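Chemist: One structure follows; several queries about it will come next.
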């Protein structure tokens, strides 16, 4: 998307002010880490779920034992404090003082698309502090299918400009999947990108249990176009099996076509805090969790988060085939389907054979513990931090010799 003249002027002014303010700040304050403790400054639009599950959860142990200190600098904080004047001098001074007070050894931009990216990068670079941009979606191509509000939000020219700037100027881009890495490399040149083998970690919260199937669920947020893939099959299942219940957990509105089933269909409102979200999901006692996914460019680079979460709470997983779930579902760890008839057949096969459902969950939970553990994700994140340090060290050394 091409920036308008006013947006380009605003961006140029912010870059110029960031460079000036950053130099003055470094010269005046002598910003430099004096501690061996890792101090991570997260920069995010808010305390979003991505930040919680990608960093908060895996690093909780290290934060708890004092090895790591963390701080959040968010766009939400800026807007609550300064309203629409988030690019003014008072806002800039506030950001500078937050950085000074926390004195980070590492800066992680998590899905960030807000203001002051140039300022924060300038300060970190002048102080020799590594920077990382964590991305779990193609933020430069967010489609309208995920909702008009989110589409408008992510496609604001200033947000697209911020994402492009971070892709080009951080020391390391850390993305959630290999397909997303390929997509990002196509967007911009000369960027260092590492993808993670794990995006969402999990642990067994509700162990596999052999019981009759009585409840099916879908968890989602503003992805109604995905859910519509499985909706005809859900209607057929509810009509054929009068004891089966269906639940929607999240912000997707209940389709009118489900009204005929009255109290057998429930909608559970979203829970923004990830720890509480998982507690709530575990309490729902779903026997089957469905993962319909439309075959779109945006979905092609997403992670298999739903499989991890459903498996953690003891639900057998049925997913759209040919997309992101093929690998995690193989070897009897989930069912893959294509057509509406496939969805009906797969769900009914677990309704009539509870032992098969039980075995799917056992297989999946074994894979979860082996490949998707919190320890594995923690090690992955620590390796990403180390890689960013190495890149920053080489860059600083090159700058000193030039």
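The values are calculated or read from the model by the stated rules, or taken from the named source; none is laboratory data. This is a predicted model, so every value here is computed, not measured. Cβ sites come from the backbone with ideal geometry, for glycine too, and all protein chains shown count toward neighbours.
Chemist: Of the residues 156, 145, 149, which is surrounded by fewer than 19 Cβ atoms within 10 Å (Cβ to Cβ) and modelled with pLDDT of 95 or more? Steps first, answer last, please.
Modeler: Values: 145 fails: modelled with pLDDT of 95 or more; 149 fails: modelled with pLDDT of 95 or more.
Only one candidate qualifies: 156.
Chemist: Can you confirm whether residue 304 is surrounded by fewer than 16 Cβ atoms within 10 Å (Cβ to Cβ) and modelled with pLDDT of 95 or more?
Modeler: On the way: surrounded by fewer than 16 Cβ atoms within 10 Å (Cβ to Cβ): no; modelled with pLDDT of 95 or more: yes.
In short, no.
Chemist: Separate question: Working carefully through the options 290, 244, find the one that is crowded, with 18+ Cβ neighbours inside 10 Å, under 28 Å from residue 183 (Cα atoms) and in contact with a strand residue (DSSP E or B) (Cβ under 9 Å, 6 or more places away or on another chain). Don't jump to the end; show me each part of the working.
Modeler: Numbers: 244 fails: under 28 Å from residue 183 (Cα atoms).
Going through 290, 244 in turn, just one is crowded, with 18+ Cβ neighbours inside 10 Å, under 28 Å from residue 183 (Cα atoms) and in contact with a strand residue (DSSP E or B) (Cβ under 9 Å, 6 or more places away or on another chain): 290.
Chemist: Exactly one condition in (1) assigned to a helix (DSSP H, G or I); (2) out of contact with any strand residue (DSSP E or B) (no Cβ under 6 Å at 6 or more places or on another chain) is not met by residue 307; state its number.
Modeler: In the conditions (1) assigned to a helix (DSSP H, G or I); (2) out of contact with any strand residue (DSSP E or B) (no Cβ under 6 Å at 6 or more places or on another chain), residue 307 misses (2) alone.
Chemist: Follow-up question, since we're still on this one. Can you find even one residue in region 272-287 that is within 20 Å of residue 337 (Cβ to Cβ), free of Cβ contacts under 8 Å to residues at least 40 places away in the same chain and part of a helix (DSSP H, G or I)?
Modeler: Step one: filter region 272-287 for residues within 20 Å of residue 337 (Cβ to Cβ), giving 286-287.
The next check asks that each one be free of Cβ contacts under 8 Å to residues at least 40 places away in the same chain; those that pass are none.
Scanning region 272-287, I find no residue that is within 20 Å of residue 337 (Cβ to Cβ), free of Cβ contacts under 8 Å to residues at least 40 places away in the same chain and part of a helix (DSSP H, G or I), so the answer is no.
Chemist: In addition: Could you list all residues from region 165-176 that are touching a strand residue (DSSP E or B) at 6+ places or on another chain (Cβ under 6 Å) and within 30 Å of residue 290 (Cα to Cα)?
Modeler: Within region 165-176, 174, 175 meet the criteria.
Chemist: Given region 310-402, what helices (runs of 4 or more DSSP H) lie entirely inside it while holding 1 or more residues that are under 21 Å from the mean Cα position of the chain (by Cα) and crowded, with 17+ Cβ neighbours inside 10 Å?
Modeler: Values: elements: 326-329, 340-352, 354-371, 374-401.
Answer list for region 310-402: 326-329, 354-371, 374-401.
Chemist: Still on this structure, I have one more. Name the one entry in 130, 104, 115 that is crowded, with 21+ Cβ neighbours inside 10 Å, in contact with a strand residue (DSSP E or B) (Cβ under 7 Å, 6 or more places away or on another chain) and farther than 19 Å from residue 175 by Cβ. Before the answer, list the steps.
Modeler: Values: 130 fails: farther than 19 Å from residue 175 by Cβ; 115 fails: in contact with a strand residue (DSSP E or B) (Cβ under 7 Å, 6 or more places away or on another chain).
Step by step, each of 130, 104, 115 is checked, and only 104 is crowded, with 21+ Cβ neighbours inside 10 Å, in contact with a strand residue (DSSP E or B) (Cβ under 7 Å, 6 or more places away or on another chain) and farther than 19 Å from residue 175 by Cβ.
Chemist: Applying the selection to region 181-202, what residues are part of a helix (DSSP H, G or I) and either out of contact with any strand residue (DSSP E or B) (no Cβ under 7 Å at 6 or more places or on another chain) or closer than 27 Å to residue 313 by Cα (or both)? Explain how you work it out, then say what you get.
Modeler: Here is the first cut: in region 181-202, the residues part of a helix (DSSP H, G or I) are 181-187.
Of everything in region 181-202, those that are part of a helix (DSSP H, G or I) and either out of contact with any strand residue (DSSP E or B) (no Cβ under 7 Å at 6 or more places or on another chain) or closer than 27 Å to residue 313 by Cα (or both) turn out to be 182, 183, 186, 187.
Chemist: Sort through 348, 369 and tell me the only one that's closer than 19 Å to residue 204 by Cα and in contact (Cβ under 8 Å) with a residue 24 or more places away in the chain.
Modeler: Details: 348 fails: closer than 19 Å to residue 204 by Cα.
Among 348, 369, only 369 is closer than 19 Å to residue 204 by Cα and in contact (Cβ under 8 Å) with a residue 24 or more places away in the chain.
Chemist: Considering each of 75, 122, 118, 71 in turn, give the residue that is farther than 30 Å from residue 293 by Cα and under 18 Å from the mean Cα position of the chain (by Cα). Can you show your working first?
Modeler: On the way: 122 fails: under 18 Å from the mean Cα position of the chain (by Cα); 118 fails: under 18 Å from the mean Cα position of the chain (by Cα); 71 fails: under 18 Å from the mean Cα position of the chain (by Cα).
The match here is 75.
Chemist: I've got another one for you. Of the numbered conditions (1) within 23 Å of the chain's Cα centre (by Cα); (2) surrounded by fewer than 16 Cβ atoms within 10 Å (Cβ to Cβ), residue 109 satisfies every one except a single condition; which is it?
Modeler: In the conditions (1) within 23 Å of the chain's Cα centre (by Cα); (2) surrounded by fewer than 16 Cβ atoms within 10 Å (Cβ to Cβ), residue 109 misses (2) alone.
Chemist: Residues to consider are 238, 248, 258, 184; find the one that is touching a residue at least 12 places away in the same chain (Cβ under 8 Å) and under 30 Å from residue 116 (Cβ atoms). Full working, then the answer.
Modeler: Numbers: 238 fails: under 30 Å from residue 116 (Cβ atoms); 248 fails: under 30 Å from residue 116 (Cβ atoms); 258 fails: under 30 Å from residue 116 (Cβ atoms).
Criteria check complete, one pass: 184.
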